[in-house]
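Read through the structure below, which is laid out as structure tokens, and then see the notes.
The values are calculated or read from the model by the stated rules, or taken from the named source; none is laboratory data. Treat the numbers as computed from the prediction; the structure is a model and nothing was measured. Positions of Cβ are backbone-derived with ideal geometry, glycine not excepted, and every protein chain shown enters the neighbour counts. The area values use the complete protein model at the heavy-atom level, side chains included, leaving out ligands, DNA and RNA. Shrake-Rupley method; radii C 1.70, N 1.55, O 1.52, S 1.80 Å.
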Amino acid sequence: MSSPATTSPGGGTTTTPPLAVSLLVVAYAAAVIATVAWVVLFWRHHYRAWAWAVGGATLALVVTITQVPWNNVFGRTWYTAHHTEFQTLADAAHQEQLHPDSDGWVRGHDSSVPNFGHGLQDVPVPGAPGRVLMAGMSSEEVSENLYVHVYGRPDAARIDPCTITTATFGEHYRCARLGAGWWWLQRRY
């Protein structure tokens, strides 16, 4: 859902922030005010060690929340936790057991093949040898995040999906190698 556009006094168009962004701004402002109040309270009552501790802990928390690439952490953690299922899925693709339809979607596949509950596609690489197995992390047609496994070509184990120029992953996604031929792709904004 996009934000409604309005005309600014200078003649350009601006967008109104969605409700979620406004609520985040309010939450951040409340957190800053509460933290400053605690630090000042501790400082005034001569609990300077506590003031430094609260201020330092808050700063460490803010840096962690804002600087850690959480999307990448999720992708790697999910892959590690479900490594066996990913390997089973790759093996099924290599052995041609997925039976994709004409659009590449794998529907109602064998119960021995893991199903992550989202879209699974097995499609040829356009204009190049090999196939691409894509396990989306959402039920949307174009997933924001997905796992990709390139196979059926001599360099499949080391090929970066974002460098396959004919597949155009690199235009829309950032690729991170996970291992065993699997990649985590997250949408660029």
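Worth pointing out:
Conditions tested, residue by residue: (1) farther than 18 Å from Trp183 by Cβ; (2) open to solvent by less than 90 Å² (accessible area, probe 1.4 Å); (3) without any contact (Cβ under 8 Å) to a residue 40 or more places away in the chain; (4) part of a helix (DSSP H, G or I).
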| residue | (1), (2), (3), (4) |
| --- | --- |
| Ile33 | yes, no, yes, yes |
| His46 | yes, no, yes, no |
| Ala51 | yes, yes, yes, yes |
| Val54 | yes, yes, yes, yes |
| Thr58 | yes, yes, yes, yes |
| Val63 | yes, yes, yes, yes |
| Asn72 | no, yes, no, yes |
| Tyr79 | no, yes, no, yes |
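- Single residue of the range 166-189 satisfying the filter (among the aliphatic types (A, V, I, L, M) and open to solvent by less than 40 Å² (accessible area, probe 1.4 Å)) that is modelled with the lowest pLDDT: Ala167
- Within the span defined as the range 91-100, one or more residues are modelled with pLDDT of 85 or more and among the hydrophobic types (A, V, I, L, M, F, W, C).
- Residue match in the range 153-165 (condition: modelled with pLDDT under 80, more than 23 Å from Glu85 (Cβ to Cβ), part of a loop (DSSP other than H, G, I, E, B) and among the hydroxyl-bearing types (Ser, Thr, Tyr)): yes
- Filter result (open to solvent by less than 80 Å² (accessible area, probe 1.4 Å) and of a type in the set (Val, Ile, Thr)) within the range 35-44: Thr35, Val39, Val40
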